[in-house]
Protein chains: 6
Amino acid sequence: MFDHRTEHVDDHMVLVQANLDDMNPEFSSYVMDRLFEAGANDVYWVPIIMKKGRPGMMLNVLVAEERLEQIETIVFAETTTLGLRYVRAEVHRLARQFVQVETEWGPIAVKLGFHRGELVQMAPEFKECEAAAKRSGVPLKRVYEEVRRNYADNRTLE
Amino acid sequence: MFDHRTEHVDDHMVLVQANLDDMNPEFSSYVMDRLFEAGANDVYWVPIIMKKGRPGMMLNVLVAEERLEQIETIVFAETTTLGLRYVRAEVHRLARQFVQVETEWGPIAVKLGFHRGELVQMAPEFKECEAAAKRSGVPLKRVYEEVRRNYADNRTLE
Amino acid sequence: MFDHRTEHVDDHMVLVQANLDDMNPEFSSYVMDRLFEAGANDVYWVPIIMKKGRPGMMLNVLVAEERLEQIETIVFAETTTLGLRYVRAEVHRLARQFVQVETEWGPIAVKLGFHRGELVQMAPEFKECEAAAKRSGVPLKRVYEEVRRNYADNRTLE
Amino acid sequence: MFDHRTEHVDDHMVLVQANLDDMNPEFSSYVMDRLFEAGANDVYWVPIIMKKGRPGMMLNVLVAEERLEQIETIVFAETTTLGLRYVRAEVHRLARQFVQVETEWGPIAVKLGFHRGELVQMAPEFKECEAAAKRSGVPLKRVYEEVRRNYADNRTLE
Amino acid sequence: MFDHRTEHVDDHMVLVQANLDDMNPEFSSYVMDRLFEAGANDVYWVPIIMKKGRPGMMLNVLVAEERLEQIETIVFAETTTLGLRYVRAEVHRLARQFVQVETEWGPIAVKLGFHRGELVQMAPEFKECEAAAKRSGVPLKRVYEEVRRNYADNRTLE
Amino acid sequence: MFDHRTEHVDDHMVLVQANLDDMNPEFSSYVMDRLFEAGANDVYWVPIIMKKGRPGMMLNVLVAEERLEQIETIVFAETTTLGLRYVRAEVHRLARQFVQVETEWGPIAVKLGFHRGELVQMAPEFKECEAAAKRSGVPLKRVYEEVRRNYADNRTLE
């Protein structure tokens, strides 16, 4: 296993895919939740066009090889597919770090990403910004903006 | 009613829409077939993202006001929607004409469209090209190409 | 205002649309939540391709004319758009009724829809099915199936 | 080759992909038909955005390694692509079994899927349900519902 | 005509739509360019699924009623459609203003949007940011960030 | 390295993918430009639905293994992703050749593709057709048609 504080390439990942043309789309958020709980690294849907021009959804699950079996069991239990395919993948993850930024709505976490030691990403935590926006009645985009600005202003002072 | 051989604007059309997030996508071709049989002028699906991030499909039916009721009955009977909306629309249709074009696979129909008396569209009939491709084992794109070329070559000779 | 227990057509609805090509997509669920709170009847996103081939999102809000102003204020405050358009729409809503269905996981609500007095829709409540599936560890699709089956079996007995 | 009545993992599959931004979309159903005839296990289209923001379609063909050559020949003959890529894939297929279910419209086949010996999928055959709906004038969704219910009711009796 | 420096609602707009299933997608940027030149207020594409499950594109053009004719002529000349529909629309546009923001890469324009006199939008001009990023070799996202920050920092000082 | 005039399979290619749910979509064309400049063989976007139902974009870059590092550096610098994955791919490229076709708007290049020595593709160069259409005021589709026809007519004469 990797220490997520360090940049690394993980070469034992699998991308599991299933094309669904007869599943109630209402189920999709539940399927996602269960897959994340079972250790999926990422889950996403791709709109596709299937046999006879049917509008379908391709389920994609990125997962470590050692958890493949649990993921498959959930896909077969919770979706309507009769088969799934997997493709070997390597995943390159940046070094990550969290810092707190002061704002007029209290401290908000910011996720930083480093490539070869250099800061390349800076993302305010969605849930905390959303909570601040709800509490204060201020537009969410203004909260994001403020977090980014305060982070940048402080960095310049260092 | 309009004579489709003449260019015209029909201002008594309605665009019927229903957002579906809990219908088996397998049903979509059947729903389309039934709507066309009941006199829909056009039917198409738009992939959308609905409440709670659910991947849904928006059904769209273009229909003359006087057939709205039959269309609604089918939408409620064959899809899972609890409501639908409609928007008034005007439709501008080109004058249309069919001609036969000679090809090495026999005659194939071509649909022509005229705007203010001028030829602006020329489309080989899909079904006939497809049949010719299947019969002869020639790529479909080559059949299309040939039909278009022969149509243009003959026109130049006139 | 309409009594939602009766089938009706509401002809004072507006479909508000804004094309967004510079908004952080992370904001989309928050924008939806706020619009529903302000009285939107429906909110959905359509993936589109905008100027210079940019992948954008079209926000759609279905709302009663008398709440248009509040909806507009939220769209301008929470998204990045400099303009929005609206189209007049009529909405046809089925008569709706809720009934309880007995299942091995307790009673679960089912929403019924009636067109001209005839039952045309029957939909188990997603949240209740989801809760039952989580509590019991049974696949969500099995819960749905059971609710539908028990509803149908009882109806036949009547 | 595998016996499809047994659950298995097939690790000699290939996913063939071609990005198309200059093909007449009308050709897509014909291309699909030809690929299925040549032994493709699955064919589907993914809407994508290509160079210069062009709306394109990515063709995807899942096929056994030993049939790759025929598939490539069709892709080059019937689409407009100058290249294609392929990715190695493994396919996990459930054990499958067909059973007949009695309905008021005659017997209808149901496809069952088993994961580790346990029933996880049950899908009425689309074509047969569609034929029954057309013959009887009953909504397709009611036919499906009935097939599912009768299957479940009988299973409980066993 | 409206003064775009003032917030206003324009109620003589039309949304022109054409569903295309047999046009070379390569043409789409050219069609857009020509429509903007002819006075379209906005042009965008919606991926749709058409008759026989064909992947199609719906062209959308927002235009003032008085320019409808020129727009129609271009749609018929440059696309493959045999008909188009239009829907009446009202457009609500914010008051707009441009200001210059100082950055380490020179001044960059920012577009401001006002709703009822209150600033609600602030968007760095894409083309100028892109040019600065290209000239300086700095990531585009850093240029944007800097423009936004400098705008906000100056506003606070006022 | 391969001579692109000969048909070949390149088995040292990588498909780099990053799922983006918090990037300004306006950046997408710039990101594409930079990736092509750094030697990407192809770049395209796939609309997807991500965690919490967010509308996201999956960036795809097809690149030779030996240029993977430069591509990764750009993806991390110019997008907002904290990780990316790659999948090994083989690319089959047709033999390509350019020829000039005479038209009433001057010579226009046509790209030909050969599979096992047989001509399977013929595509007029978009930029040259576009330039001819702009110069002459003739619809782009007519220019394409003419180029294709003249190519075919000449070939028949040979």
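The values are calculated or read from the model by the stated rules, or taken from the named source; none is laboratory data. Just so we're clear, the structure is a prediction, and the values are computed from it rather than from any experiment. Here the Cβ is made from the backbone with ideal geometry for all residues, glycine too, and neighbour counts use every protein chain on show.
Values as computed for the structure displayed
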quantity	calculated
Residues (touching a residue at least 24 places away in the same chain (Cβ under 8 Å) and either surrounded by 15 or more Cβ atoms within 10 Å (Cβ to Cβ) or in a strand (DSSP E or B) (or both)) located in the range C:134-151	C:138, C:143, C:146, C:147, C:148, C:150, C:151
Test for residue E:126: is it assigned by TED's automatic domain parsing to the domain that holds residue E:39 and either crowded, with 16+ Cβ neighbours inside 10 Å or among the small types (Gly, Ala, Ser) (or both)	no
Failed item in (1) within 14 Å of chain B (Cβ to nearest Cβ); (2) over 23 Å from the mean Cα position of the chain (by Cα); (3) among the β-branched types (Val, Ile, Thr), with residue C:138 passing the rest	(1)
Test: residue in the range C:2-9 that is surrounded by fewer than 21 Cβ atoms within 10 Å (Cβ to Cβ), of a type in the set (Lys, Arg) and more than 19 Å from the chain's Cα centre (by Cα)	no
Extreme residue, farthest from the other protein chains (Cβ to nearest Cβ), among residues of the range D:1-23 that are under 25 Å from residue F:32 (Cα atoms) and assigned to a loop (DSSP other than H, G, I, E, B)	D:23
Of all residues making up the range A:114-151, the number that are in contact with a Lys or Arg (Cβ under 6 Å, 6 or more places away or on another chain) and at pLDDT 95 or above	1
Pair list, Cβ < 7 Å and 6+ apart or interchain, from the range F:91-120 residues that are of a type in the set (S, T, N, Q) to residues that are part of a loop (DSSP other than H, G, I, E, B)	F:97/F:5; F:100/F:107
Candidate set: the range A:97-123, residues that are surrounded by 15 or more Cβ atoms within 10 Å (Cβ to Cβ) and over 19 Å from the mean Cα position of the chain (by Cα); chosen: the one farthest from residue F:72 (Cα to Cα)	A:105
Listing of strands (runs of 3 or more DSSP E) fully contained in the range F:42-123 that carry 1 or more residues being within 14 Å of chain B (Cβ to nearest Cβ) and within 24 Å of residue E:137 (Cβ to Cβ)	none
Count of the range F:124-133 residues which are outside any loop (DSSP other than H, G, I, E, B) and either out of contact with any helix residue (DSSP H, G or I) (no Cβ under 7 Å at 6 or more places or on another chain) or not hydrophobic (A, V, I, L, M, F, W, C) (or both)	5
Among the candidates B:73, B:81, residue that is surrounded by fewer than 20 Cβ atoms within 10 Å (Cβ to Cβ) and more than 13 Å from residue E:85 (Cβ to Cβ)	B:73
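Yes/no matrix, rows are residues, columns are (1) surrounded by fewer than 22 Cβ atoms within 10 Å (Cβ to Cβ); (2) charged (D, E, K, R); (3) over 19 Å from the mean Cα position of the chain (by Cα); (4) not assigned by TED's automatic domain parsing to the domain that holds residue E:116:
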{"residue": "E:15", "(1), (2), (3), (4)": "yes, no, no, yes"}
{"residue": "E:23", "(1), (2), (3), (4)": "yes, no, yes, yes"}
{"residue": "E:30", "(1), (2), (3), (4)": "yes, no, no, yes"}
{"residue": "E:33", "(1), (2), (3), (4)": "yes, yes, no, yes"}
{"residue": "E:37", "(1), (2), (3), (4)": "yes, yes, no, yes"}
{"residue": "E:42", "(1), (2), (3), (4)": "yes, yes, no, yes"}
{"residue": "E:51", "(1), (2), (3), (4)": "yes, yes, yes, yes"}
